[in-house]
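Q: Questions regarding the structure given below will be posed in turn.
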Amino acid sequence: MSTAQYSPIARDGLPFWVAGFVGPTIEARTCREDGRDVSVTDAEYGALATVRVHDARAMRATDLTAATTSAYRTIRRLLDDRPALRVARMWNFVPGIIEPVDGLPHRYMAFNAGRFAAIEEWTATDGDVAGWMPTASGVGDDGPDLVVHALAGPYTPVPVENPRQIPSYRYSRRYGPHPPCFSRAVRVPAHGTTGALLLLGGTASVVGEETRHPGDLTAQLDETLANLSALITAGLPRAPGPVALQETDPLSPIRSAVVYHVRERDRDTIERRLRARLTTVDSIEFARRSLCRDDLLVEIEGTATA
């Protein structure tokens with residue numbers, strides 16, 4: 001039985017593990033820039049940059065695309081002033097993420113077009129896309145604003161892909177004119193140890209590029225955990241050792257998790273199942289949010305240690 005703390009996620013959308021990961025704040029600055037709120041927090045082990053685009057839900061598709069690209073450019077500019085830092089993890093909260101807009105079935109597609117353009121610019125100077133891509137989550141928000149957070153640190157993040165899934169940036173056009181751009185996870189050094197920390201991006205019931213088990217919460221949750229297991233196995237390969245060690249639960253390295261669920265009534269079911277499966281986790285946070293596909297019911301992100 002897990003002794004984890006189960007709690008709602010913080011209002012700013014950032015999981016609680018982030019504060020401990022970046023360490024004590026050295027300096028925090030916030031300003032208003034071109035009608036957006038922009039902030040950057042320098043901390044002992046890295047930095048956090050945030051851009052809030054006001055009233056993005058009311059934007060036309062082309063305007064949202066441009067605003068997204070601009071938000072990413074702003075984050076890149078903020079972090080270019082800190083050349084020792086590299087972006088490892090991003091969170092994107094997209095208002096009305098699965099609402100139609102200007103002929104597109106989902107607003108997420110307009111957001112993805114803007115992110116795609118920005119990532120192309122970033123990789124033009126940072127090299128091959130697959131060798132650099134940060135991990136990310138992209139979920140909905142009931143409010144009017146687009147919020148983008150970026151976590152950067154003094155290390156070179158190593159992207160990790162899930163062998164059960166097509167890399168997001170290679171999705172077919174059935175998921176939009178431009179694919180989402182993120183790695184499934186990144187591996188970074190764990191503070192104060194010789195081990196590694198795996199930052200797990202938003203993971204759902206997707207195999208290949210297709211949703212599995214539409215409408216079936218339990219099956220989707222099990223498929224999501226299977227994807228997390230595969231991702232951890234790929235990102236934190238075990239050293240040679242006794243067979244007993246090799247048969248350890250592949251989910252046991254998970255230390256923190258954030259659960260995004262579409263329906264409030266599903267929370268108790270999800271919590272009961274996770275208490276049984278994530279027996280070594282330290283904390284799990286919950287947030288009711290729309291997801292990037294209208295046939296998904298649950299998405300999980302988090303951290304895992306070697």
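The values are calculated or read from the model by the stated rules, or taken from the named source; none is laboratory data. As the structure is a computational prediction, the values presented were derived from the model and not from experiment. Ideal geometry is used to build each Cβ from the backbone, glycine not excepted, and the neighbour counts take in all protein chains shown. Please note that ligands, DNA and RNA were not included when accessible areas were found on the heavy atoms of the full protein model with its side chains. Shrake-Rupley method; radii C 1.70, N 1.55, O 1.52, S 1.80 Å.
Q: How much area per residue is accessible in the chain when the probe is 1.4 Å and only protein heavy atoms are counted (Å²)?
A: Counting only protein heavy atoms, the per-residue value for the chain is 42 Å².
Q: Mind checking which of ARG52, ARG289, ARG272 has the largest fluctuation in a GNM of the chain, springs on alpha carbons under 10 Å?
A: Residue with maximal mean-square fluctuation among ARG52, ARG289, ARG272: ARG272.
Q: Sticking with this one: Hey, any idea what the orientation-averaged projected area of the convex hull of the range 46-132's Cα atoms comes to, in nm²?
A: Details: hull surface 23.7 nm².
Result: a mean projected hull area of 5.9 nm².
Q: Considering only GLY208, GLY140, GLY114, give the residue with the highest GNM mean-square fluctuation for the chain, with springs between Cα atoms whenever their separation is below 10 Å.
A: The residue that fluctuates most here is GLY208.
Q: Let me ask something additional. Per Stokes-Einstein, at 10 °C and 1.306 mPa s, what whole-number D in µm² s⁻¹ belongs to the range 131-245, with the Kirkwood radius over Cα pairs as the hydrodynamic radius? Each step should come with its number before you reach the end.
A: On the way: Rh = 15.9 Å.
For the chosen part, D equals 100 µm²/s.
Q: Among ALA204, ALA152, ALA190, which one shows the highest mean-square fluctuation when the chain is modelled as a Gaussian network with alpha-carbon springs under 10 Å?
A: With Cα springs under 10 Å in the chain, the top fluctuation among ALA204, ALA152, ALA190 is at ALA190.
Q: With +1 on the Cβ of every Lys and Arg and -1 on the Cβ of every Asp and Glu, and nothing else charged, how large is the dipole of the chain about its Cα centre, in debye rounded to the nearest 20?
A: Value, rounded to 20: 220 debye.
Q: Helix by helix, which DSSP H runs in the chain go 24 Å or more along their axis at the Cα atoms and have an average Kyte-Doolittle hydropathy of 0.5 or more?
A: Details: long enough: 61-80 (28 Å, -0.15); 107-126 (29 Å, -0.30); 217-235 (27 Å, 0.71).
The answer, listed by residue number, is 217-235.
Q: Further question on the same structure: Could you state, as a whole-number percent, how many of the C-alpha pairs of the chain are farther apart than 32 Å? Before the final figure, lay out each step's value.
A: Values: 9989 of 46665 pairs.
It works out to 21 percent of all Cα pairs.
Q: Oh, and also: Using a 1.4 Å probe over the heavy atoms of the protein chains, calculate the carbon and sulfur portion of the accessible area of the range 1-123 as a whole percent.
A: Working: 2990 of 5700 Å².
The C+S portion of the solvent-accessible surface of the range 1-123 is 52 percent.
Q: Under 5 Å between amide hydrogens, which residues at least 5 positions from ALA196 or on another chain qualify, with H placed 1.01 Å from N in the peptide plane?
A: Counting only residues 5 or more places away or on other chains, the set is ALA190, ALA306.
Q: Helix-only estimate, please: 222 nm mean residue ellipticity of the chain, summing -39500 (n - 2.57) across DSSP H runs of length 4 or more and dividing by its residues, to the nearest 500. Let's see the in-between values first.
A: Working: 6 runs with 80 residues, N = 306.
Calculated at 222 nm, the ellipticity per residue is -8500 deg cm²/dmol.
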